[in-house]
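A short worksheet on the structure shown next.
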Amino acid sequence: MKKYLLTVTAFAMIISFMSCGSTPTAEPEVDVAPAVVEEPPKEEEPQPEVVPEVPAEDFSEKNKALLEKAEKARQEAIDADAQTYYPDLFAATDTYYAEVKDGVEKEPSKDHSDRIEDVIAKFNSLAKASEARKMKERADELGFSDADAEKALADYDTVSQNGVGKDMLDQAEKALAAYSALFLQNMTRLAQTERAAALDAKKQADSVKAGVAKKAEYTAASDTFKKADSSYVTKDIEGAYKGYKSAKETFLKLYETVSANRAAAQAAIERAKKRVAEAETYSVEADSIAPLEGEVAGIEKEDAVLLEEDNFANPDDAVIDVESSEDAKTAAALDEQATEAAPVAEGEAK
């Protein structure tokens, strides 16, 4: 039994020894940092763009320049007699203008261009509409008329009630253009008629040698005709018409005056001839009764020169040519063109 226990004990020791020999030696512990997992970079949120602050624009100079234009437009309306033709509308526009100027004065750097330009358009419309009214009055005096022109001018009153400067100006320009066309067409015809009449009157004056008898008046009338031709060429048709009319009237007056003077002179000559004839008859009778002998005091010799010799100049040299100048030729050509174009214009008008 004792031997058995000894054997078991020995066997246990061997097992224990073997177990100890097979156990691995523990390695020293090493601190290992945990693996770092990289996260994807975050997208940066967009930052609002920083816009540099721009200083507000200063419209002071622009406002000033526009106000100067407005003042000029106002004066042009006054010169066109807008206060006479459109007193209420002019007064309303003037009040509006004062309000605009007050606004500019309170805020000079602010942009007031829209309101100032509206004022300018209104004053310009008043000037043009007033000019159209003047042309209408003149056309009425001369017997010109046109329904479209009259309507265009009447429509200005309607449009102006809306108070929009641009619309008022557009309508005023239409009215003025219509009356300008009417006036030009009809005044051209009158100028043509007066030019022909003035030339005829001049020929009458030349027939009685008015250039000799009334040189100053004749020369003045010829100059007036020449200036009228110049006006006609430069499209001052009314000025040409007035010039031709004036020249015509002067030439006719010269013809009548010189003709009357010539007739009176001729009558005086005839009377003188009659008296001379009667005196000669009486002298013959007296001489037959009591003839004179020798030289008698107070009676000139038969060959005596009683008056200085008068070398009369050629009266034709006093005639002034008004038809050979460049202006005259151009005026005549324009006259002919206008005459030829008249039937066409009348057809288009119908």
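With a threshold of 30 Å on the Cα-Cα distance, the over-threshold entries among K151/K329; K174/K329; K242/K329; K214/K329 are K151/K329; K174/K329. When you count the other C-beta atoms within 10 angstrom of each residue and take the mean per peptide, 90-101, 234-245 line up highest first as 234-245, 90-101. Just to confirm a number: summing +1 for Lys and Arg and -1 for Asp and Glu over residues other than L169 whose beta-carbon lies under 11 angstrom from that of L169, what do you get? That sum, taken over residues with Cβ under 11 Å, equals -1. Under 18 Å from a label point set 7 Å out along the Cα-to-Cβ vector of S109, the amide N atoms of region 58-88 belong to 58-65.
Read the figures in this text as sums done on the coordinates, not as results from a lab. Keep in mind that this is a model prediction, so the values were computed, not measured. Heads up, the Cβs are rebuilt from the backbone with ideal geometry, glycines too, and the neighbour counts pull from every protein chain shown.
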